[in-house]
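One structure is given below, encoded as structure tokens.
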Amino acid sequence: METSPEKSRHKKVYGAIYSAESCSYDPERGVIVVPNRGVPQNVQVNNAWISFINHDGSVHTARWIGVQNPADRGNLTPPLVLNEPLGSDIANGMLYVADRDGGTTATEPSVAVIRRFNMKTGAPAGEFRVERSAWFNDLEVADDGTIYATQTGDRGANPDPTTWQVWKITPGGAASIFVQGAPLRQPNGIALDPQGNIVVVNIGNTEVLTFSRAGQLLKTENAVQAGNDGLVILGDGTKYVSSVLNGGVSRIRAGKSAELIARNVPSAASMCYDAGANQLVIPMNANNGLAFIRIE
């Protein structure tokens, strides 16, 4: 291995990503923030971590949060708990992640927990437990600190539509169901549009649903593919939707039919927009990597 300091300065390291479901962009550092789920709860609790990734996919910081062994995290001040984070968002100087507790056995209930971390220090900054939900898939945080989170719900042969939910959690932690049942059909990705409306993509069909802050359905659009998970909305209102089941990325522009701008992205999960490089970053879930798609 080359050890010269002069030459080592030019080396790049790739990797660090393991079972990532989402990402967010940190404009202060200019890095992509990626929660890694690690192993499942029934294998080991408190095993997840957070990585910083550069625009080109190289590793900035392999473990910004979670460098300690799981057994040692409870001894930190404050203690660190990060089990299986799914959706994530950065708002008001905080990293929000959709995590969960429990579910370590087939009979132990799982409880949705939204955890916050200080973006300057990485320190835990509180959590919101939602006992009536087993887990959230994705979340989005408004400027006032209100959290909107999706519960994908039942995907069986005869699914129960009442399990398809979008939740609203106030800055004080009061949780309530924002939308339930149709037109939701296994809601996954969620984001805010430039007007502050709540936009949700379904995994069960091609629909992209826009709701007002009062929960009224304002608009229904359609991606090219069904099975959708990721959602990015740019400042001009253009929407990008990634299909975790079919591996494509749809672009939806006002007044135009949706178009497929990328194919064959395996397990295209909850993507984010890297403003520093004008690109979409797509965690590929069980493939333990990130896909990068430049926006043109």
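The values are calculated or read from the model by the stated rules, or taken from the named source; none is laboratory data. Given the structure is predicted, the values throughout are model-derived calculations rather than measurements. As a convention, Cβ positions derive from the backbone with ideal geometry for all residues, glycine included, and neighbour counts pool all protein chains shown. Only protein heavy atoms, including side chains, enter the accessible area calculation; ligands, DNA and RNA are left aside. Shrake-Rupley method; radii C 1.70, N 1.55, O 1.52, S 1.80 Å.
Okay, here's what the table says:
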{"item": "Residue, surrounded by the fewest Cβ atoms within 10 Å (Cβ to Cβ), within the stretch 109-131, restricted to residues that are under 23 Å from Phe52 (Cβ atoms) and basic (Lys, Arg)", "result": "Lys120"}
{"item": "All positions within the stretch 154-194 that are assigned to a loop (DSSP other than H, G, I, E, B), closer than 28 Å to Leu234 by Cα and open to solvent by 30 Å² or more (accessible area, probe 1.4 Å)", "result": "Thr170, Pro171, Ala182, Pro183, Arg185, Pro194"}
{"item": "Residue list for the stretch 1-29, restricted to those being acidic (Asp, Glu), open to solvent by 20 Å² or more (accessible area, probe 1.4 Å) and either in contact with a Lys or Arg (Cβ under 8 Å, 6 or more places away or on another chain) or modelled with pLDDT of 95 or more (or both)", "result": "Glu2, Glu28"}
{"item": "Gly237, sole failed condition from (1) touching a residue at least 12 places away in the same chain (Cβ under 8 Å); (2) open to solvent by 30 Å² or more (accessible area, probe 1.4 Å); (3) farther than 17 Å from Thr150 by Cβ", "result": "(2)"}
{"item": "Pairs, first in a strand (DSSP E or B) in the stretch 111-137, second surrounded by fewer than 16 Cβ atoms within 10 Å (Cβ to Cβ) and not charged (D, E, K, R), C-beta under 6 Å, six or more apart", "result": "Arg116/Gly126; Pro124/Pro78; Ala125/Asn118; Phe128/Gly173"}
{"item": "Residue within the stretch 174-181 that is at pLDDT 95 or above and of a type in the set (S, T, N, Q) present", "result": "yes"}
{"item": "Residues located in the stretch 30-60, provided they are open to solvent by less than 40 Å² (accessible area, probe 1.4 Å) and among the polar types (S, T, N, Q)", "result": "Asn36, Gln41, Asn46, Asn47, Ser51, Ser58"}
{"item": "From the options Arg253, Arg263, residue that is of a type outside the set (Ser, Thr, Tyr), in contact with a Lys or Arg (Cβ under 9 Å, 6 or more places away or on another chain) and open to solvent by 60 Å² or more (accessible area, probe 1.4 Å)", "result": "Arg253"}
{"item": "Whichever residue in the stretch 276-292 is in a strand (DSSP E or B), of a type outside the set (Val, Ile, Thr) and at pLDDT 95 or above and, among such residues, is surrounded by the fewest Cβ atoms within 10 Å (Cβ to Cβ)", "result": "Phe292"}
{"item": "Residue satisfying all of: in the stretch 195-217; touching a residue at least 40 places away in the same chain (Cβ under 8 Å) and part of a strand (DSSP E or B); surrounded by the fewest Cβ atoms within 10 Å (Cβ to Cβ) among these", "result": "Phe211"}
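For every residue, the table says whether it meets (1) touching a Leu at 6+ places or on another chain (Cβ under 7 Å); (2) aliphatic (A, V, I, L, M).
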| site | (1), (2) |
| --- | --- |
| Ala112 | no, yes |
| Glu131 | no, no |
| Ala134 | no, yes |
| Leu139 | no, yes |
| Ile147 | yes, yes |
| Thr150 | no, no |
| Arg155 | no, no |
| Gly173 | no, no |
| Gly181 | no, no |
